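The structure under discussion appears below in the form of structure tokens.
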Amino acid sequence: MNNWEELAGQTGSALLGTLIGGIISVCVARWQMSKSITAQTELAASQHAAAITLTRQQWERQRSAEAAQRLLERLAGLYAYLPSLPDIALECPTLSVSAREQCSTALAALRHGMQTDLLAIQGAEVRDRYCTLVKLGFDVAWRGVGQGDRKRQIRDVRAYLRYVQLTLEAVVDDAAPPPHIEPPVLDRQDDNAWAPPHLPWYRHDPADGS
């Protein structure tokens, strides 16, 4: 009888051990599975957030590039009639009345771009340079700043306009903008025209001798 009791006890102990071991194995497996699911969920969430960030960055770059392209067209419009810039506020323009009107329209379009397309560009440096160009244009056209030297007025604004063009082209190309340089002081004693550093060859216009 003792043998049977001993055998039953051993069998029960074995079954209990097996049952406990099974329960532990199931708990461990569930814990590992839960941990794996949590890690996969966190990874998927992280990848989704990264994808959203990348998509937004690409959209912002595209939006900035398109806005910069439209601003470049506004700059080209002013560049075409830049010699008439000092004539805008004059009753008797040095050049033709038609050129003065075209220049005034182009300058107004440049200012309008500051209130529309420029807002779509992310870089504060780009916006500052464009706004500075608008100010220079109005200083010459309406405020008569630097009017003692008409040629230098035009050359200063033209040179800074090219500098802004290079800055906007960098936005279009998603490249680094040209280094910062202080804008020209229109009302100064120096007779030399202002010029940006490292102007690429294709920005030297043979038509104006610069």
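The values are calculated or read from the model by the stated rules, or taken from the named source; none is laboratory data. Every value quoted in this text rests on a predicted model; they were computed, and no experiment measured them. A quick note on method: Cβ atoms are made from the backbone with ideal geometry, for glycine too, and the neighbour counts reach across all protein chains shown. Each accessible area value is taken on the protein alone, full model and side chains, heavy atoms only, with ligands, DNA and RNA left out. Shrake-Rupley method; radii C 1.70, N 1.55, O 1.52, S 1.80 Å.
Output the number of residues of the stretch 74-115 satisfying the condition of being acidic (D, E) and over 20 Å from D149 (Cα atoms). Explain how you work it out, then say what you get.
Keep residues of the stretch 74-115 that are acidic (D, E), which gives 87, 91, 101.
Going one step further and asking which of them are over 20 Å from D149 (Cα atoms), we end up with 101.
Summing the residues that are acidic (D, E) and over 20 Å from D149 (Cα atoms) in the stretch 74-115 gives 1.
Of all residues in the stretch 184-201, those being modelled with pLDDT of 85 or more and more than 11 Å from A159 (Cβ to Cβ) number 5.
For every residue, the table says whether it meets (1) of a type outside the set (F, W, Y); (2) farther than 30 Å from A159 by Cβ; (3) modelled with pLDDT under 85; (4) surrounded by 10 or more Cβ atoms within 10 Å (Cβ to Cβ).
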position: L7; (1), (2), (3), (4): yes, yes, yes, yes
position: G22; (1), (2), (3), (4): yes, yes, yes, yes
position: S46; (1), (2), (3), (4): yes, yes, yes, yes
position: A51; (1), (2), (3), (4): yes, yes, yes, yes
position: L71; (1), (2), (3), (4): yes, no, no, yes
position: L78; (1), (2), (3), (4): yes, no, no, yes
position: Y81; (1), (2), (3), (4): no, no, no, yes
position: S84; (1), (2), (3), (4): yes, no, no, yes
position: E91; (1), (2), (3), (4): yes, no, no, no
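Tell me the residue from V134, V164 that is in contact with a helix residue (DSSP H, G or I) (Cβ under 8 Å, 6 or more places away or on another chain) and either within 16 Å of I88 (Cα to Cα) or modelled with pLDDT under 90 (or both), please.
On the way: V164 fails: either within 16 Å of I88 (Cα to Cα) or modelled with pLDDT under 90 (or both).
Within the list V134, V164, the selection yields V134.
Sub-8 Å Cβ pairs linking a first residue in the stretch 144-162 that is among the acidic types (D, E) to a second residue that is assigned to a helix (DSSP H, G or I) and surrounded by 21 or more Cβ atoms within 10 Å (Cβ to Cβ), at least 6 apart or interchain, are D156/L136, ordered by first then second residue.
Looking at the stretch 128-154 only, could you name the residues that are within 14 Å of the chain's Cα centre (by Cα) and either over 20 Å from E73 (Cα atoms) or exposed (fewer than 15 other Cβ atoms within 10 Å of the Cβ) (or both)? Show your work before the answer.
Let us first name the residues in the stretch 128-154 that are within 14 Å of the chain's Cα centre (by Cα), namely 128-130.
Residue satisfying the conditions is D128 alone.
Counting only residues that are among the β-branched types (V, I, T) and open to solvent by less than 20 Å² (accessible area, probe 1.4 Å), the stretch 155-180 holds 3 of them.
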